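Single-structure report; data block below.
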Amino acid sequence: MFNLSKKWKNILGGLVVFTLVSGILTVIGGLYILYYYGRDLPDYKQLANYEPPVVSRIYAGDGSLIKEYAREKRLFVPISAIPPKVTQAFIAAEDQNFYTHIGIDFKGLIRAVLVNVKNVITNRRPVGASTITQQVAKNFLLSGEVRMERKIKEAILSYRIEQAFTKDEILELYLNEIYLGQNSYGVAAAALNYFGKSLEELELEEIAYLAALPKAPSNYHPTRKYGAAVGRRDWVLGRMEIEGYISDEEKQNATAKPLVAVESGQARTFQADYFAEDVRRELKKTYGDDELYGGGLAVRTSLSPRLQSVAERELKKGLVVYDRRHGWRGPLDTMDLFASPFETWKEDFLKLNIPLGIDTWRQAVVLEVREGLAVIATKEGLRSSETFDDLPLEFISLEEAKWARSWQPGERLGPQVKSMAEVLSQGDIIAVEPVDTEGDVLGVPYGLRQIPAVNGSLVALDPHTGRVLAMVGGYDFRRSEYNRATQAKRQPGSAFKPFVYSVALDNGFTPSSLVLDAPFVIDQGFGNGKWKPRNSSEKFYGPSTLRLGIEKSRNLMTVRLAQNLKMDKIVEAADRFNITKDMPDLLSMSLGAGETTLLDLTTAYGMIVNGGKKIEPTLIDRIQDRHGKTIYRHDDRKCNGCLADHWDYQPEPELPDVRDEVLDKVTAYQLVSMMEGVVQRGTGIRIRALGRPLAGKTGTTDESFDTWFVGFSPDLVVGVFVGFDTPRSLGRNEEGASVAVPIFRDFMADALKDEKAIPFRIPEGVRLVRVDPVSGQLAQAGASNTILEAFRQGSFPNKDEQVLDGFNSLVQTKTKLRTGTGGIY
């Protein structure tokens, strides 16, 4: 008995020693593991200075979101601003013991081990038991690979993070960093991307869906994998009820609702692509890529969404109207409808994505051509049909295609359309638009449409500040990102003439001064031949006033004037108004042969209507960094008295006018008055129908390669350019008056419809005198056809007015106006 007891004592003693040794070895091993894997870990304290890449946002002048720029689309939201239901949903779905564990959930770890044993046997990917804290450690400080070494490091870091940060701070890191699919980083960005809402606006079922995404966002896409997405969302709602965050009634109501997500990237943004791209280029140039795509800049721009919408619509309409005048160039593409079954060519057609530029236009394929109509199938019709026989009747009548005479070189038209077969063939892929018809019609009628080959641009800005209110750089940004308002340098033609006349008015001429309109020839030097400018009418009009020279856009008068003034003064004016830098001092430059952009020319006109004050075009009003600090402001004037605590009957503070003067204010008004005549009696007479004070100047270059109209009201200046990207003639009889003027007119009609009509402001030093509009002389008493002419104080019409002459065009002489039959005019 004694020996047996001694034996058991030895066994028990051995077990105790073994246990102690094993325990010591385990502790030593654990300490070694902690030392080995913990010695080179990243510094978790850097999380205290967490500044993640944040999306930069571009806003319109009224606060509408225009564009977002980011490599990782993230909006940082402090934990105090995240609704409790959002945090509760993620805790319920991802880490139910978040508020009680020390960074590692041992119960969850044991459960994961058991599951992974099964997964190893069945060759499945191991699952994790990562807590929210561990996910923070992985996302911020470690790689995402599933390896034992990384899991050990993750556990060590998680414990250290829990000791250094509060639970709310850890949640803030997690909810702002986590990737939730569709380029959404953080819950705020995901709320906008999936639902077009801020976090505060989310419904319970939407919150639950976002909390369902961390494990595998692509597996729960809201449209492509709707069933799985709804199932996972409902699981989260169930978890929230179990954890006591919501009631059973709330869960039932939320699970009964469908999952409705917005189209990716289309959440509450106002489209102004050309404008936004120019803003992006400016930000990139100033702040660099890192700040633009991750700095969280808040950029308030000058854009007016209302004016931008009008500009987009009217420019497109004007380009389409011009294009239809010059005929049908053929279908967008063709396909063989008999080469494959209906299901195959239907699928091929639906895959086509041809930007049409106008929202109401649709893509269609021609199914059958008859004499008086073409039967078509639109994408909408095909999507709703399972078989060819199910297709709805959609058609284009011959009446809706009669405009489509064949295009001929030189922008000429082919013969009249008498049969639909002359225009369309089976398999043609075309653009169409629904049209209204009178009476009952069997089927859905459409009109034939054509994407313009010509292009153009429109700019509208505030002439007092230079703030760009609207900018359209082309027919459609998806078809061409080239901005014809800021990047295209083209000849302004006669739109440059006001700046020649400004030099004349600054050098002793008046609007009534006479210049000879007669043939002009100049020798350009050895081997260059003679230059013989001409008026667009191919006629000569004799002595004419400066006003008539502007109103009727007389080339010969302008050249004579420029030769008299000397080109160096005109070159200086072009530089002063920032129209063309280093312009050659050639006489042809006076007719707009130099190159400029629409934005620069429109800005120059703004300096005329604002009284001769220097302005710089700007798209950006203010920029704030991620912390809300203003780092740029376009208007940086100091306002003494603007920050008063209260009103104590003190006068309203006045902002100083720090703009430089680029043109005498009297000269500026004289030009405004003369260009008002362009609208009332001259090349811009189509605008007169608006019945309000408007002024401007047409521009057309040789052979009608470029057409312009730049004009203004007292507080809005607008420029329009139309031309082919690869310069060629717009066609016979096409000019600024026929192409650009209608676009300007229709834009102004809508832009100013709610504005009171106010006259142009007359500065001090101007004397208005009633004169004859043809001779420029004082009007006779009782005369009916008269105008008020703007003269500088101290000047007036002179009966002995001399004519700027020059019989050989090389020598200027001043001769009195001759009357009777002895003259040549």
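The values are calculated or read from the model by the stated rules, or taken from the named source; none is laboratory data. Note that the coordinates shown come from a computational prediction; the quantities given were computed from them, not determined experimentally. Using ideal geometry, Cβ is built from the backbone for each residue, glycine included, and neighbour counts are taken over all protein chains shown. Ligands, DNA and RNA are excluded from the accessible area calculation, which covers all protein heavy atoms including side chains. Shrake-Rupley method; radii C 1.70, N 1.55, O 1.52, S 1.80 Å.
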Restricting attention to the stretch 234-248, does a residue exist that is within 33 Å of the chain's Cα centre (by Cα) and among the aliphatic types (A, V, I, L, M)?
no
Name, by its number, the condition in (1) assigned to a helix (DSSP H, G or I); (2) open to solvent by 40 Å² or more (accessible area, probe 1.4 Å); (3) at pLDDT 65 or above; (4) not charged (D, E, K, R) that does not hold for VAL120.
(3)
Does the stretch 349-360 contain at least one residue that is in contact (Cβ under 8 Å) with a residue 12 or more places away in the chain, in a strand (DSSP E or B) and open to solvent by less than 70 Å² (accessible area, probe 1.4 Å)?
no
Tell me which residues, restricted to the stretch 548-593, are closer than 19 Å to LYS532 by Cα, open to solvent by 10 Å² or more (accessible area, probe 1.4 Å), in a helix (DSSP H, G or I) and not aliphatic (A, V, I, L, M).
ASN555, GLN563, ASN564, SER588
Name every residue in the stretch 374-402 that is assigned to a strand (DSSP E or B) and farther than 15 Å from THR344 by Cβ, in order of residue number.
ALA374, VAL375, ILE376, THR378, GLU394, PHE395, ILE396, SER397
All positions within the stretch 473-522 that are acidic (Asp, Glu), open to solvent by 10 Å² or more (accessible area, probe 1.4 Å) and closer than 30 Å to ALA790 by Cβ
ASP506
Between a first residue in the stretch 624-642 that is among the hydrophobic types (A, V, I, L, M, F, W, C) and a second residue that is open to solvent by 60 Å² or more (accessible area, probe 1.4 Å) and part of a loop (DSSP other than H, G, I, E, B), which pairs have beta carbons less than 8 Å apart while being 6 or more apart in sequence or on different chains?
CYS639/LEU655
Just one of (1) touching a strand residue (DSSP E or B) at 6+ places or on another chain (Cβ under 7 Å); (2) not in a loop (DSSP other than H, G, I, E, B) trips up VAL500, so point out which.
(1)
If I filter the stretch 535-547 for residues that are part of a helix (DSSP H, G or I) and either buried (at least 21 other Cβ atoms within 10 Å of the Cβ) or touching a helix residue (DSSP H, G or I) at 6+ places or on another chain (Cβ under 6 Å) (or both), do I get at least one hit?
yes
Of all residues making up the stretch 636-665, the number that are in a loop (DSSP other than H, G, I, E, B) and either touching an Asp or Glu at 6+ places or on another chain (Cβ under 6 Å) or under 21 Å from TYR605 (Cβ atoms) (or both)
6
Can you pull out every residue in the stretch 403-422 that is assigned to a helix (DSSP H, G or I) and either β-branched (Val, Ile, Thr) or open to solvent by 50 Å² or more (accessible area, probe 1.4 Å) (or both)?
ALA421, GLU422
The residue that is farthest from the chain's Cα centre (by Cα), considering only those in the stretch 642-699 that are modelled with pLDDT under 95 and among the aromatic types (Phe, Trp, Tyr), is TYR649
For the stretch 777-825, what are the residues that are at pLDDT 70 or above, within 19 Å of PRO543 (Cβ to Cβ) and either out of contact with any Lys or Arg (no Cβ under 9 Å at 6 or more places or on another chain) or open to solvent by 70 Å² or more (accessible area, probe 1.4 Å) (or both)?
LEU778, ASN785, PHE796, PRO797, ASN798, LYS799, ASP800, GLN802
For the structure I just gave you, tell me whether THR437 is closer than 29 Å to MET589 by Cα, in a loop (DSSP other than H, G, I, E, B) and of a type in the set (Ser, Thr, Tyr).
no
Subset of the stretch 221-263 [in a helix (DSSP H, G or I), over 23 Å from THR87 (Cβ atoms) and open to solvent by 80 Å² or more (accessible area, probe 1.4 Å)]
TYR226
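So that you can scan it fast, the table gives a plain yes or no per residue for (1) open to solvent by 20 Å² or more (accessible area, probe 1.4 Å); (2) of a type in the set (D, E, K, R):
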site	(1), (2)
THR387	yes, no
PRO392	yes, no
GLU438	yes, yes
GLN450	no, no
PRO463	no, no
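Here is a yes/no grid of residues against (1) modelled with pLDDT of 95 or more; (2) among the acidic types (Asp, Glu):
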residue	(1), (2)
SER264	no, no
ARG268	no, no
GLN271	no, no
TYR274	yes, no
GLU282	yes, yes
LYS285	yes, no
GLY294	no, no
ARG300	yes, no
Do any residues in the stretch 532-545 that are within 19 Å of GLN563 (Cα to Cα) have Cβ atoms under 6 Å from those of residues that are open to solvent by 100 Å² or more (accessible area, probe 1.4 Å) and not acidic (Asp, Glu), where the two are at least six apart or on different chains, and which pairs are they?
GLY542/TYR825
Does ILE608 satisfy the condition of being under 30 Å from ALA276 (Cα atoms) and either of a type in the set (Lys, Arg) or touching a Gly at 6+ places or on another chain (Cβ under 6 Å) (or both)?
no
Do we find that VAL720 is open to solvent by less than 80 Å² (accessible area, probe 1.4 Å) and under 24 Å from the mean Cα position of the chain (by Cα) in this structure?
yes
